[in-house]
1. Just to be sure I understand the filter: pairs with C-beta atoms under 8 Å, separated by 6 or more residues or on different chains, first member in region 112-129 and part of a loop (DSSP other than H, G, I, E, B), second member surrounded by 24 or more Cβ atoms within 10 Å (Cβ to Cβ) and of a type outside the set (A, V, I, L, M). Which pairs pass?
2. Checking the condition under 12 Å from S68 (Cβ atoms) and not hydrophobic (A, V, I, L, M, F, W, C), which residue from R126, R109 passes?
3. Scanning region 136-179 for residues that are among the charged types (D, E, K, R) and part of a helix (DSSP H, G or I), which turns out modelled with the highest pLDDT?
4. Only residues in region 21-33 that are closer than 17 Å to D10 by Cβ count as the first member; pair them with residues that are part of a helix (DSSP H, G or I) and modelled with pLDDT under 85, Cβ under 6 angstrom, at least 6 apart or cross-chain, and list the lot.
5. Name the single residue, out of those in region 15-38 being among the aromatic types (F, W, Y) and farther than 18 Å from G77 by Cα, that is modelled with the highest pLDDT.
6. Residues in region 51-63 that are part of a helix (DSSP H, G or I) and at pLDDT below 75: how many?
7. Suppose the filter is farther than 24 Å from A191 by Cα and either at pLDDT 85 or above or in contact with a His (Cβ under 7 Å, 6 or more places away or on another chain) (or both); does S91 pass it?
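The values are calculated or read from the model by the stated rules, or taken from the named source; none is laboratory data. Note that the structure is predicted; figures quoted are calculated from it, not measured. Note that each Cβ is placed from the backbone with ideal geometry, even for glycine, and that neighbours are counted across all protein chains shown.
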Amino acid sequence: MADWVQQLLDFLSLGQSWVGVVVLFLSSLVEYVFPPFPGDTVTLFGAFLAAHRGWSIWVVGVACTAGSVAGALIDYGIGYRLRERPGVRLSGRLQRAQQRVAPILEKFRRYGAVYVALNRFLPGIRALFFVAAGMAGLSWRQVIFWGTVSAVVWNALIISVGFAVGKNWDRLLELLQTYTMVVWLVIGLVAVVAAIRFWRR
């Protein structure tokens, strides 16, 4: 774990305060704007604090959920600005790029709610779901609703695990890292299969 991440967790462990709540909110938001940021680790530590350091479960849950939704809306706004607009002439390179992503956006128009609802369970790439949702022209109300549902379920799951595992923070972090690794392996396998199918075609 990076030193600055450990320092951030040490700061949160000092006790519940409005500054700590803001840190939880911003960590959840920044994770969607800058995916390398370890937002899940900070959220998990918030759950640990709620379970064993006296922090309010509701405060932690609301702060993390609100941050996730706010970050998702920023991604959605970026995608919405990038969407195809009638009457706007694009360069040849941008036209070719739009043609390549057109099949993906069509799937988002049809199944966007499902993708957005699953986003929170896919670390590292969840921000892309909201950019695609914006490019596909999904309703912002639909995006907020399913993004909130996904964040609430994920945060409730993390808090539940925090209570179940006990006071062992290292064990809790190990479980999150294992889950992230398994998800990335599955994503990599799906990408390889998709690449093979594309090459064969």
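1. L122/F129
2. On inspection, the qualifying residue turns out to be R126.
3. My answer is R141.
4. L24/G46; S27/G39; S27/V42
5. Let us first name the residues in region 15-38 that are among the aromatic types (F, W, Y), namely 18, 25, 32, 34, 37.
In the following step, the residues that additionally are farther than 18 Å from G77 by Cα were identified as 18, 25, 37.
Details: W18: 78, F25: 90, F37: 73.
Within region 15-38, the match that is modelled with the highest pLDDT is F25.
6. Here the count works out to 2.
7. Values: farther than 24 Å from A191 by Cα: yes; either at pLDDT 85 or above or in contact with a His (Cβ under 7 Å, 6 or more places away or on another chain) (or both): no.
So S91 does not fit the description; no.
Residues are listed down the side, and each one gets a yes or a no for (1) touching a residue at least 12 places away in the same chain (Cβ under 8 Å); (2) touching a helix residue (DSSP H, G or I) at 6+ places or on another chain (Cβ under 6 Å); (3) surrounded by fewer than 17 Cβ atoms within 10 Å (Cβ to Cβ):
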{"residue": "G137", "(1), (2), (3)": "yes, no, yes"}
{"residue": "F163", "(1), (2), (3)": "yes, yes, yes"}
{"residue": "E174", "(1), (2), (3)": "no, no, yes"}
{"residue": "G188", "(1), (2), (3)": "no, no, yes"}
